[in-house]
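Working notes, beginning with the structure itself.
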Amino acid sequence: MSFNTFGHVFRFTTWGESHGPAIGAVVDGCPPGIPLTEADIQPWLDQRRPGTSRFTTQRQEPDQVRILSGVFEGRTTGTPISLMIENVDQRSKDYSEVAKAYRPGHADYAYDAKYGFRDYRGGGRSSARETASRVAAGAVARLVVSEVTITAWVEAIGGDAIDPANFDVDEIGRNPFFCPDAVAAARWETLVDAARKSGSSLGAVVACAATGVPAGWGAPLYAKLDAELAAACMGINAVKGVEIGDGFAAATLRGEDNADPMRPGVDGPEFLANHAGGIAGGIATGQPVTLRVAFKPTSSILTPVATIAPDGAATEIATKGRHDPCVGIRGVPVVAAMVALVLADQKLLHRAQCGTTIG
């Protein structure tokens, strides 16, 4: 049994391979009557698109999306929305060595162990190319949760973090790293260039904040908002960890330090802290929903690494081709998309059980 669908009420299914003719998504459960055109989707895809700077893979994909169904006269019909993105710049010959040996850290061996064979051209479904489909689906989700503002950025690359005192949300769109700290972005140019030129790669931490999430979205126990967000982000290629709010740092605090004190406010409680990341008991509190996502270094590198061939023989592999020296950079719009998809689903789940009443 294969799992290519995510969500409960607002669901999306991705399809296609890195080196196939196209990739795409089918979004089901979207409410009818929402204005939607390709122009609502394309800007988010352009953020994730490869080849936009020397700090990402040089594969040249326009990532132009086509809406094939589910929209009539510029509005969603309530039926499945099919989105397609053509692949136009595949170089399958670059993966001739990958056919002969497994890339350590990649899904090559795991796919072979599960299915008995694999699509070695770019990794097939295990390629980060698949995430373009998620970004397209996430653009639709953003229209469902238009009351929410979702902002994502890179917080650290290769262990070098931003200075919170320098945080400028407007700076995120001014540099190729989605970095809110101009000083850190300048450092990262040298850092990522050095990794790329040496044939290696770097990991990254992507942070995301969703403001305007109403108190009440989410569910106790088996559909917790934080659990759904964690599952969504852990399902992104190359992600190895997710923290909600203070995350692991909360384990170092005392109870009084970890609490989010409340005082009476005009439109509900006024919180004096947000260690919980805007979620308590799996349900949104009305504060900003915050999370951090850890991306591992790209597994496809030019530096030779010890491995085995499919027949079990010892060998080593140096992966040729075009790869991101830091895949977490282009992970920013993917994380934001997954957050939007979860929030759209939770909004509709809340409406199904509680109507429009909140609190």
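The values are calculated or read from the model by the stated rules, or taken from the named source; none is laboratory data. In this text the structure is predicted, and so the values were computed from the model without any measurement. Cβ atoms come from the backbone with ideal geometry, glycine included; neighbour counts cover every protein chain shown. Heavy atoms of the whole protein, side chains included, go into the accessibility calculation; ligands, DNA and RNA do not. Shrake-Rupley method; radii C 1.70, N 1.55, O 1.52, S 1.80 Å.
Scanning region 252-285 for residues that are open to solvent by 40 Å² or more (accessible area, probe 1.4 Å) and at positive phi yields a single hit, Gly281. Please verify whether Ile236 is in contact (Cβ under 8 Å) with a residue 24 or more places away in the chain, touching a Leu at 6+ places or on another chain (Cβ under 8 Å) and not acidic (Asp, Glu), treating the condition exactly as stated. Against the criterion (in contact (Cβ under 8 Å) with a residue 24 or more places away in the chain, touching a Leu at 6+ places or on another chain (Cβ under 8 Å) and not acidic (Asp, Glu)), Ile236 does not qualify.
Contact map, region 200-228: residues that are at positive phi and among the aliphatic types (A, V, I, L, M) paired with residues that are open to solvent by less than 40 Å² (accessible area, probe 1.4 Å) and modelled with pLDDT of 95 or more, Cβ distance under 9 Å, separation 6+ or inter-chain. Pairs shown: Leu221/Gly282.
Out of everything in region 23-42 that is surrounded by fewer than 14 Cβ atoms within 10 Å (Cβ to Cβ) and in contact (Cβ under 8 Å) with a residue 40 or more places away in the chain, what residue ends up being nearest to the chain's Cα centre (by Cα)? Result: Pro35. Checking each residue in region 160-196 for being open to solvent by 80 Å² or more (accessible area, probe 1.4 Å), over 17 Å from Leu291 (Cα atoms) and either free of Cβ contacts under 8 Å to residues at least 12 places away in the same chain or in a loop (DSSP other than H, G, I, E, B) (or both) picks out Ala165, Asp170, Arg174, Thr190.
Would it be correct to say that Arg292 is open to solvent by 50 Å² or more (accessible area, probe 1.4 Å), touching a helix residue (DSSP H, G or I) at 6+ places or on another chain (Cβ under 8 Å), modelled with pLDDT of 95 or more and not hydroxyl-bearing (Ser, Thr, Tyr)?
On the way: open to solvent by 50 Å² or more (accessible area, probe 1.4 Å): yes; touching a helix residue (DSSP H, G or I) at 6+ places or on another chain (Cβ under 8 Å): yes; modelled with pLDDT of 95 or more: yes; not hydroxyl-bearing (Ser, Thr, Tyr): yes.
It is true that Arg292 is open to solvent by 50 Å² or more (accessible area, probe 1.4 Å), touching a helix residue (DSSP H, G or I) at 6+ places or on another chain (Cβ under 8 Å), modelled with pLDDT of 95 or more and not hydroxyl-bearing (Ser, Thr, Tyr).
Please go through region 197-209 and give me each residue that is out of contact with any Ser or Thr (no Cβ under 6 Å at 6 or more places or on another chain), aliphatic (A, V, I, L, M) and assigned to a strand (DSSP E or B), ordered by number. Before you say what the answer is, go through the steps one by one.
First, the residues of region 197-209 that are out of contact with any Ser or Thr (no Cβ under 6 Å at 6 or more places or on another chain): 197-198, 202-208.
Remaining after also requiring aliphatic (A, V, I, L, M): 202, 204-207.
Answer for region 197-209, where residues must be out of contact with any Ser or Thr (no Cβ under 6 Å at 6 or more places or on another chain), aliphatic (A, V, I, L, M) and assigned to a strand (DSSP E or B): Ala204, Val205, Val206, Ala207.
Scan Thr307, Thr303, Thr290 and give me the residue that is in contact with a Pro (Cβ under 6 Å, 6 or more places away or on another chain) and either of a type in the set (Ser, Thr, Tyr) or more than 30 Å from Gly268 (Cα to Cα) (or both). The conditions single out Thr307.
Of all residues in region 242-269, which are part of a helix (DSSP H, G or I) and charged (D, E, K, R)? Before you say what the answer is, go through the steps one by one.
The initial filter retains those residues of region 242-269 that are part of a helix (DSSP H, G or I), namely 247-252, 255-258.
Result: Glu256, Asp257.
Residues of region 219-232 include none that is in a helix (DSSP H, G or I) and of a type in the set (Lys, Arg). Checking each residue in region 111-130 for being open to solvent by 60 Å² or more (accessible area, probe 1.4 Å) and in contact (Cβ under 8 Å) with a residue 12 or more places away in the chain picks out Tyr111, Tyr120, Arg121.
Restricting attention to region 1-16, the residues that are open to solvent by 70 Å² or more (accessible area, probe 1.4 Å) and touching an Asp or Glu at 6+ places or on another chain (Cβ under 8 Å) add up to 2. Take the conditions (1) within 29 Å of Pro35 (Cα to Cα); (2) exposed (fewer than 15 other Cβ atoms within 10 Å of the Cβ); (3) not small (Gly, Ala, Ser); Thr151 misses just one of them, which is (2). Picking from residues in region 210-236 that are touching a Ser or Thr at 6+ places or on another chain (Cβ under 9 Å) and surrounded by fewer than 21 Cβ atoms within 10 Å (Cβ to Cβ), the one that is farthest from Pro288 (Cα to Cα) is Gly216. Confirm whether Gly247 is of a type outside the set (S, T, N, Q), open to solvent by less than 50 Å² (accessible area, probe 1.4 Å) and within 17 Å of the chain's Cα centre (by Cα). The answer is no for Gly247.
Please go through region 301-347 and pick out each residue that is among the polar types (S, T, N, Q), assigned to a loop (DSSP other than H, G, I, E, B) and open to solvent by less than 10 Å² (accessible area, probe 1.4 Å). Before the answer, list the steps.
Going through region 301-347, the residues among the polar types (S, T, N, Q) turn out to be 303, 307, 315, 319, 346.
Narrowing further to those that are assigned to a loop (DSSP other than H, G, I, E, B): 303, 319.
Thr319, the sole residue that qualifies.
For region 287-308, check the following and say yes or no: at least one residue is over 28 Å from Ser126 (Cβ atoms) and among the polar types (S, T, N, Q). Taking every residue of region 287-308 in turn, at least one turns out to be over 28 Å from Ser126 (Cβ atoms) and among the polar types (S, T, N, Q).
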